[in-house]
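Report on one structure; see the data block that follows.
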Amino acid sequence: MTLTRPMPASEAGPRSQTLFERALQALPGGVSSPVRAFRAVGGTPLVIARGEGSEVVDVDGRRYLDFVMSWGPLILGHAHREVIEAVREAAGRGTSFGAPSEAEIELAETVLALVPGVEQVRFVSSGTEAVMSAIRLARGATGRDLIVKFAGCYHGHADAVLVAAGSGLATFGRPSSAGVPPASAGQTIVLPLADAQRVEDLFAREGSRIAAIVIEPLPANHGLLVQTPEFLSTLRRVTHAHGALLVFDEVISGFRVAPGGAAQRYGITPDLACFGKIIGGGMPVGAFAGPREIMRHLAPEGAVYQAGTLSGNPIAMSAGLATLRVLQRENAWQRLEQLGARLEERLREVFREASAEGEVVRFASLFWLSLQPGAAPVAAEGIEPRAADRYRFLFRQLLGRGIQLAPSAYEVGFLALTHDEAQIDRFASALSGALVAERADGVRS
Ligand SMILES: *Cc1c(COP(=O)(O)O)cnc(C)c1O
């Protein structure tokens, strides 16, 4: 006989509430990373007790079908047996040596085998560190200072990339966070996505001073803003022509949209690639990688300094290695594409049947709900602020129906290998119910 489980509700349960009260005292905003605080959707965050496959269970014993998947790393689902086993084994041999270990060499070789154009890898402990270090390497290798990034792309929280576009034609950036010196932000130029002409014009003016373009080749941190192959080719061409480097931030797309990430999907090889999330299989790992010709500028071989006490940590390396091995063995990318196609089709149907405004954007196992009329936007500037209000309502409706999406309108959803057709259908019917509730709410107000 099974015990009756507490049903999910749109409000956190009593134990989550109590624990989060304590969290608010001990942690700024109650969290270790801001978006977890539910500020964009309202309510109290669920305090999670454990994850199992496609589901998380909160401290009140409520079970949710999870499409956050730790924000991307858990492509195999929660607590995958082989990953947990690899972590247990590695931990039994010691947590850290501060010296080379076999797992780190094997993971590096696996990355080289999977990612086109990569000859060497440097491991770090987060995506932020990977991009921050790749930028330093690009500057050191080119002897130039300026960096180009695109509005809507997130590259972690280093000074050089916490930058918003300047006003008008002044493309030189201004800090997008307090505490970032304007002098530092001023070394970064921010352009809109999907506008090749702006890139051409900038390089015609400043090309000889630009060290690198940094971009998420599949922008997935401000909605899912899929770019055309032509736009990415333009970046490849102008950087080549002006002696600048092209840096692909594949922290989300790497090992997810193809074995070789978005670079492989688009057939465009960047000069440097940054990884995170999946590469650690749920443990803190980042990496940046490229041809030997560029990587040789890193210390101890070259003059660009970069280091880390826990870099290449043997437990984390083992988790990453186990994850990549399962992905390869199961040819996971094909199965994830199938699941993605199913999800796209079912959710589209739901919007159509509800006559609700919205578009399902999907690329491989990533998806995003564009909650505005017309075609989905391809640049950050195209996202209507009103969409966030709709998301807030739908998010809470879905949570009450046992479906966990990210607590922000701008975050994408992640499919894992453990998701199945029945779970996707469950999501679709929950969304259908949420859209009905939205309509009723609209009629009331
Ligand atoms: C998550 C993310 C980062 C930052 O990685 P952290 O491990 O959170 O520091 C950088 N770039 C992209 C594209 C990301 O999605």
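The values are calculated or read from the model by the stated rules, or taken from the named source; none is laboratory data. Because the structure is predicted, anything quoted here is derived from the model rather than measured. Please note: Cβ atoms are built from the backbone with ideal geometry, for glycine as well, and neighbour counts cover all protein chains shown. Just so you know, the surface numbers come from the protein's heavy atoms only, side chains and all, with ligands and any DNA or RNA stripped out. Shrake-Rupley method; radii C 1.70, N 1.55, O 1.52, S 1.80 Å.
Key figures for this structure:
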item: Among the residues listed as Ala434, Ala387, Ala356, Ala375, the single one being in a loop (DSSP other than H, G, I, E, B) and open to solvent by less than 50 Å² (accessible area, probe 1.4 Å); result: Ala356
item: Scope region 112-126; condition open to solvent by less than 30 Å² (accessible area, probe 1.4 Å), part of a loop (DSSP other than H, G, I, E, B) and within 16 Å of the ligand (Cβ to nearest atom); matching residues; result: Val115
item: Out of Val360, Val326, sole residue that is modelled with pLDDT of 95 or more and within 30 Å of Met132 (Cβ to Cβ); result: Val326
item: Flag for Arg237 being free of Cβ contacts under 8 Å to residues at least 24 places away in the same chain and among the charged types (D, E, K, R); result: yes
item: Single unsatisfied condition, Gly276 versus (1) within 16 Å of the ligand (Cβ to nearest atom); (2) open to solvent by 10 Å² or more (accessible area, probe 1.4 Å); (3) more than 18 Å from Ser96 (Cα to Cα); result: (2)
item: Scan of region 44-61 for residues that are touching a residue at least 60 places away in the same chain (Cβ under 8 Å) and not β-branched (Val, Ile, Thr), ordered by number; result: Pro45, Leu46, Gly53, Ser54
item: Subset of region 153-174 (residues that are of a type outside the set (A, V, I, L, M, F, W, C), assigned to a loop (DSSP other than H, G, I, E, B) and surrounded by fewer than 24 Cβ atoms within 10 Å (Cβ to Cβ)); result: Tyr154, Gly156, His157, Gly166, Ser167, Gly168, Thr171
item: Per-region count, region 248-258, residues open to solvent by less than 10 Å² (accessible area, probe 1.4 Å), of a type in the set (A, V, I, L, M, F, W, C) and within 11 Å of the ligand (Cβ to nearest atom); result: 1
item: Residue satisfying condition, being of a type outside the set (Asp, Glu), open to solvent by 20 Å² or more (accessible area, probe 1.4 Å) and closer than 23 Å to Arg36 by Cα, within set Arg62, Arg93, Arg88; result: Arg62
item: Unique match (being within 16 Å of the ligand (Cβ to nearest atom), at pLDDT 95 or above, in a helix (DSSP H, G or I) and acidic (Asp, Glu)) among Glu129, Glu82, Glu109, Glu104; result: Glu129
item: Residue within region 219-231 that is within 13 Å of the ligand (Cβ to nearest atom), over 18 Å from Arg362 (Cα atoms) and at pLDDT 95 or above present; result: no
item: Filtered residues of region 62-79 (kept if farther than 23 Å from Pro314 by Cβ, away from the ligand (no atom under 16 Å from the Cβ) and assigned to a loop (DSSP other than H, G, I, E, B)); result: Arg62, Gly77
